[in-house]
Amino acid sequence: MTKNFEDKLGQGGFGSVYKGKLRSGYLVVVKLLGKSAANGKDFMNEIGTIGRIHHIAVEVARGIKYLPHGCDIQILHFDIKPHNILFDDKFVPKILDFRLAKLCSTNKEIVIVTAARGTIGYVAPELINRSIGAVSYKADVYSFGMLIEMVGLNKDLP
């Protein structure tokens, strides 16, 4: 499906991510786990976090809305980008890689972040320059908008 891991999309914290194609024509992303300094504990923590979120999103946008509004704690991801959205066996998108995430109480509109977080090209401007505005869950919405823009989905939207 990956043609011997020929088309590398990027490098994550736990290994390389490759593009693949199923016989049906569906494109998929495959993460090939590498060696972990923590003997796999970091990867298991990431999977545990994803499992605790109970993320049953039909679309990525619903998942991004769910993180700050659907859990018993507000989760700000701060690294929404194509590399961090994968599909399960039923092709339901899942948001992954919560290493930069910040957890805060659900009653907080504004969060304090001591350093810029995210990936250049997707990061919200207020995370880089505090004079632009306060940091909130809207930073993930901005990143999602950049993701849509960069992968060219905006021309399909009304």
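Structure data summary
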read-out: Extension gain (nm, one decimal) between residue 4 and residue 128, 0.36 nm per residue minus Cα-Cα; value: 40.8 nm
read-out: Per-pair calculated FRET efficiency, R0 = 41 Å: residue 23 and residue 112 via Cβ, rounded to 0.05; value: 0.25
read-out: Apportionment of accessible area to carbon and sulfur, the range 82-138, percent (1.4 Å); value: 58
read-out: Peptide ranges 19-29, 136-146 listed from the most packed, as the mean C-beta count within 10 angstrom indicates; value: 136-146, 19-29
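The values are calculated or read from the model by the stated rules, or taken from the named source; none is laboratory data. Everything quoted here is computed from the prediction, not taken from an experiment. Methodologically, a virtual Cβ is constructed for each residue, glycine included, from the backbone with ideal geometry; neighbour enumeration extends over all protein chains shown. Side chains included, ligands, DNA and RNA excluded: accessible areas come from the protein's heavy atoms. Shrake-Rupley method; radii C 1.70, N 1.55, O 1.52, S 1.80 Å.
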